[in-house]
Amino acid sequence: MRNVILCGGSGTRLWPLSRRLMPKQFLQLFDGGSRSLFQKSIERNRDFCDDFVIITNKDHYFLALDQIDELGLGIAPKFLLEDIGRNTAPAIAFAAFASDEDEILFITPSDHLIKDVKRYQEAIKWAKALAKKGYLVTFGIQPAKPHTGYGYIEHIGNEVKRFHEKPDLATAERYLAQNRIDSGSRYLWNSGMFMFQAGVYLEELQKYAPKIYEACKEVYENHLKPIGNTQIRITKMDDIPDISVDYAVMEKSDRIKVVLGDFDWNDVGSFDTLVDDVVSKEALEIESSSNFYYSDNEKKVIAAIGLEEYIVVDTKDALLITKKGSSQKVRDVVVRLKDTNPQLLTTHSIVHRPWGTYEVLVDERGYKIKRIVVKPGKRLSLQKHYHRNEHWIVLSGTATVTVGDKTYYVRPNESTYIKMGEVHRLANDGKIPVVLIEAQVGEYTGEDDIVRIDDDFKRR
């Protein structure tokens, strides 16, 4: 069985923690800050899946790869890297085209938090038995409350009667009231997890959504770019319809079965669903209670007076304060920021790169100061800049610096200077991270003033 992990979401309702280049599935908030939802997905499924296919945006490849390496499990997933997102129906189609037709695909989002692993495995066992018989299996979650943020599956046993859109509160309450009746239809949350044979999915996709099938087949056969043994870039995706697997196939096929997921499940779609599973930062509270606090600065003291049922999220460049129960409206904040300050939706102050990280400490007209960390065995691209000079001061580790035709070492408390227009490269040939301060001086210090001449990571 192959685990197909859908890893393309942006998690806008978890802003300012989740950003375009660091979406919620990669935030290491769980298990004491050591694990992300993506990592927990792999750990959860590795015991009963033979291999993995990760479907994600091309910008997230190195981030996902680093987090897989951190797990130390010795797995080497195949990556399908999309140039643009086209929702779950096309993404699953690409995974199916890349698999043998009899291969059982276990489709899981990358942003679920699941407990009760024994019951989870029991549900997978039942689903696998149905998938082997040629059914498209969906997982329904036993509702704990009348939630309006999930779709519902109306069923009798394993038979699906109907899929329902996200309801209003009165309708959701009616669904749960029906569940308390011993006979008749019952309702489950639609989890977004599926299991089926690759060939069966493609047959049903061709039958019920032929335009999507043909568009995906055209791209798969003519517009894939293999990169090494594990990466496949999917390009020319503009003509593929943007549609979910539910709309394209699951709500139309007559080969659908549902399996009850009677385990603790959370899709971590908002701060209201996150706060139960992340430890709140300690705060000095006066006449305050039932609040959740998060800060990415461990040393920062939070004091609250007269607050009750609030969520406070503090990052280096943004602060969110919302009442519990209203965090879904964070997406309205995101809409406004697209026009007023789009950079806040893209990156944190700490930006991850395949070679390490950088943090912008000061960014003023005419100069910028960064803290750069280069991982052992990694190096930045061979590059030059047209509009800035750079000063590097090494804090720890030993940097290997190339400028023009000269290569030399820069050790702690030593510095070097890169003139505007000079071809240069920074590398770490040592065993510990290289940490340095970079001071850029020039009329323009934007990140797009980089001309890459050679790059280990095939970036432009």
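Scan the range 333-362 residue by residue and report those that are among the polar types (S, T, N, Q) and over 21 Å from LYS58 (Cβ atoms).
The initial filter retains those residues of the range 333-362 that are among the polar types (S, T, N, Q), namely 340-341, 343, 346-347, 349, 357.
Scanning the range 333-362 gives THR340, ASN341, SER349.
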Collect the residues in the range 312-357 that are under 30 Å from ARG459 (Cβ atoms) and of a type in the set (D, E, K, R), keeping them in residue-number order.
LYS316, ASP317, LYS338, ASP339, ARG353
Per the filter on the range 346-383, residues within 19 Å of THR12 (Cβ to Cβ) and outside any strand (DSSP E or B) are THR346, THR347, HIS348, SER349
Which of (1) of a type outside the set (S, T, N, Q); (2) surrounded by 13 or more Cβ atoms within 10 Å (Cβ to Cβ); (3) out of contact with any helix residue (DSSP H, G or I) (no Cβ under 7 Å at 6 or more places or on another chain) is the odd one out, the single condition HIS352 does not satisfy?
(3)
List every residue pair whose Cβ atoms sit under 9 Å apart, with the two residues 6 or more apart in sequence or on different chains, where the first one lies in the range 312-331 and is in contact (Cβ under 8 Å) with a residue 12 or more places away in the chain and in the same structural domain as ILE302 (by TED's automatic domain parsing) and the second, anywhere, is assigned to a loop (DSSP other than H, G, I, E, B) and basic (Lys, Arg).
VAL312/LYS281; ASP314/LYS281; ASP314/LYS300
From the list ASP246, ASP276, pick out the single residue that is surrounded by fewer than 16 Cβ atoms within 10 Å (Cβ to Cβ), under 22 Å from the mean Cα position of the chain (by Cα) and not hydrophobic (A, V, I, L, M, F, W, C).
ASP276
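Does the range 318-335 include one or more residues that are in contact with a strand residue (DSSP E or B) (Cβ under 9 Å, 6 or more places away or on another chain), of a type outside the set (A, V, I, L, M, F, W, C), surrounded by fewer than 16 Cβ atoms within 10 Å (Cβ to Cβ) and over 30 Å from TRP189 (Cβ atoms)? Please lay out each step first, then the result.
Initially, the range 318-335 is screened for residues in contact with a strand residue (DSSP E or B) (Cβ under 9 Å, 6 or more places away or on another chain), giving 319-324, 326-327, 329-330, 333.
Still in the running and of a type outside the set (A, V, I, L, M, F, W, C): 322-324, 326-327, 329.
From what is left, the residues that are surrounded by fewer than 16 Cβ atoms within 10 Å (Cβ to Cβ) are 323-324, 326, 329.
This time we only want the ones that are over 30 Å from TRP189 (Cβ atoms), so: none.
Checked against the condition, which is being in contact with a strand residue (DSSP E or B) (Cβ under 9 Å, 6 or more places away or on another chain), of a type outside the set (A, V, I, L, M, F, W, C), surrounded by fewer than 16 Cβ atoms within 10 Å (Cβ to Cβ) and over 30 Å from TRP189 (Cβ atoms), the range 318-335 yields no hits at all.
Would you confirm whether any residue within the range 216-227 is of a type in the set (A, V, I, L, M, F, W, C) and within 26 Å of LYS132 (Cα to Cα)?
Scanning the range 216-227, I find at least one residue that is of a type in the set (A, V, I, L, M, F, W, C) and within 26 Å of LYS132 (Cα to Cα), so the answer is yes.
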State all residues of the range 310-345 that are part of a helix (DSSP H, G or I) and hydroxyl-bearing (Ser, Thr, Tyr); if no residue qualifies, say none.
SER327, THR340
Counting only residues in the range 26-59 that are touching a Leu at 6+ places or on another chain (Cβ under 8 Å) and assigned to a helix (DSSP H, G or I), the one nearest to ARG379 (Cα to Cα) is identified as ASP59
Looking at (1) surrounded by fewer than 22 Cβ atoms within 10 Å (Cβ to Cβ); (2) in contact with a Pro (Cβ under 8 Å, 6 or more places away or on another chain); (3) closer than 21 Å to ILE256 by Cβ, which one does THR148 not meet, given that it meets all the others?
(3)
If a residue counts only when it is free of Cβ contacts under 8 Å to residues at least 12 places away in the same chain, which strands (runs of 3 or more DSSP E) contained entirely in the range 161-244 have at least 1 such residues?
224-227
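The values are calculated or read from the model by the stated rules, or taken from the named source; none is laboratory data. It should be emphasised that the depicted structure is a prediction, and the values quoted were computed from it without experimental measurement. Note: ideal-geometry Cβ built from the backbone for every residue, glycine included; neighbour counts use all protein chains shown.
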